[in-house]
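The values are calculated or read from the model by the stated rules, or taken from the named source; none is laboratory data. Please read all numbers here as calculations on a predicted model, not as lab measurements. So basically every Cβ, Gly included, is an ideal-geometry build from the backbone, and we count neighbours across all protein chains shown.
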């Protein structure tokens, strides 16, 4: 039996309630099928003060479309985890899982970042209480097959139109931020022959449906390759490369859609299906900006859920953690992080690649989220420390001198080539050092340092007493 045949036979019976739609009315000649699509949300659910969560606007918009057009599928292209909220880091993924399950998608695809917290979190995430979860080139090898909630293929009866859905996942990434061909973990086997896998599904299921949709977490270039090479796919709802497509792209016989990243956009695709001629007779498309103050309706229920989750897992998220005397660019933040590592990790010297700093800071108060946004975490390979996390190692002075070039450095200016030094450096740099051990995410080291500085009534960046501590 081939891997493909085994995968098709082993596909789990999805047990959730799933989407439901009004029944097909007799003598219907044409019907619209609508897709409200987002992707690469990357835990970007934090509300902006009193302004609702971006996810609440996504859910609210979907609800408004569903009210207008009852044959609407709510879809997500994967990468729910990492980069957005510090609450995810503090909850080890649980906050993102809880909020994504509350979103109430109809069909979801797994992304590479969804494996970040390891097999147990991925398996729990895949078992969505409502949505069908797709992963057509992923096979779970664990002893309890029912733990993996994703299926390789699913059909949804949307009124008179039967929609077939499958999904393909890209390769994982390593600590040097490079893709590789291995599995995401030992519990899973993968197929990366995307064209062949798509062709197998089309050959098996095209005849059974009116519309065949690929939820892709491959990226735009691979979406184009698959769509051109495999006739029979009607729509590619894409993700992974964060492209913003203001119009769908026609590739082969498929319409390819992408809707950016981090909850910044929402795509709506309307297909009018001619039931007598068995063809799509009309297409309309909109890409909407999801920004604070927009006229998008917001779901109060979802916003309330987000705030409840944040309060549970990250009660200090928006409380003042430290104060900055001067605004700092990436280099300045790197210098502060290096000093933080020396103080918190008790090392002799620290090296920081300032290219791993994600943001700049403005003078004034910093909260926990601000600290996290300086060193957002991408756990690569999955279920390992983030690639900008700190590792420690014992090195000779000669090694330290050789490593120092081009990096932000905190440590003794006079380095004895024959001496020994306890060094902290980031994961991507530590990969070359034997015996290097993980010591903590860069942002958590900053958080601990901020607590130390604030307790001592000192600014985070300069050796000056805080104004509040000078007052009688």
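Remarks
- Counted residues, segment 92-118 - those being in contact with a strand residue (DSSP E or B) (Cβ under 9 Å, 6 or more places away or on another chain), farther than 16 Å from residue 377 by Cβ and in a helix (DSSP H, G or I): 2
- Residue in segment 384-401 that is under 27 Å from residue 178 (Cβ atoms) and in a helix (DSSP H, G or I) present: yes
- Matching residues in segment 208-219 - criterion: being within 23 Å of the chain's Cα centre (by Cα) and surrounded by 24 or more Cβ atoms within 10 Å (Cβ to Cβ): 213, 214, 215, 216, 217, 218
- Checking residue 295 against (1) within 26 Å of residue 241 (Cα to Cα); (2) without any contact (Cβ under 8 Å) to a residue 24 or more places away in the chain, the condition it does not meet: (1)
- Entry remark, segment 152-177: residues being surrounded by fewer than 23 Cβ atoms within 10 Å (Cβ to Cβ) and under 20 Å from the mean Cα position of the chain (by Cα) number 8 in total.
- Residue in segment 162-174 that is touching a residue at least 24 places away in the same chain (Cβ under 8 Å), in contact with a helix residue (DSSP H, G or I) (Cβ under 7 Å, 6 or more places away or on another chain), closer than 30 Å to residue 432 by Cβ and part of a loop (DSSP other than H, G, I, E, B) present: yes
- Search result, residues across segment 67-91 that are part of a helix (DSSP H, G or I) and more than 22 Å from residue 268 (Cα to Cα): 86, 87, 88, 89, 90, 91
- On the stretch given as segment 422-457, residues that are in contact with a strand residue (DSSP E or B) (Cβ under 7 Å, 6 or more places away or on another chain), part of a loop (DSSP other than H, G, I, E, B) and farther than 26 Å from residue 84 by Cα total 4.
- Hits in segment 139-161 (condition: assigned to a strand (DSSP E or B) and in contact with a helix residue (DSSP H, G or I) (Cβ under 9 Å, 6 or more places away or on another chain)): 139, 140, 150, 155
The rows are residues; the columns are (1) more than 28 Å from residue 297 (Cβ to Cβ); (2) surrounded by 24 or more Cβ atoms within 10 Å (Cβ to Cβ).
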site	(1), (2)
85	no, yes
98	no, no
104	no, no
107	no, yes
111	no, yes
119	yes, no
122	yes, yes
127	yes, no
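- Within the option set 406, 364, being surrounded by fewer than 18 Cβ atoms within 10 Å (Cβ to Cβ), at pLDDT below 95 and assigned by TED's automatic domain parsing to the domain that holds residue 454 holds for one residue only, 406.
- Annotation: of all residues in segment 269-281 being surrounded by fewer than 12 Cβ atoms within 10 Å (Cβ to Cβ) and touching a residue at least 24 places away in the same chain (Cβ under 8 Å), the one that is nearest to residue 58 (Cα to Cα) is 278.
- Strands (runs of 3 or more DSSP E) (entirely within segment 220-262) containing at least 3 residues that are touching a helix residue (DSSP H, G or I) at 6+ places or on another chain (Cβ under 7 Å), surrounded by fewer than 17 Cβ atoms within 10 Å (Cβ to Cβ) and touching a residue at least 24 places away in the same chain (Cβ under 8 Å): none
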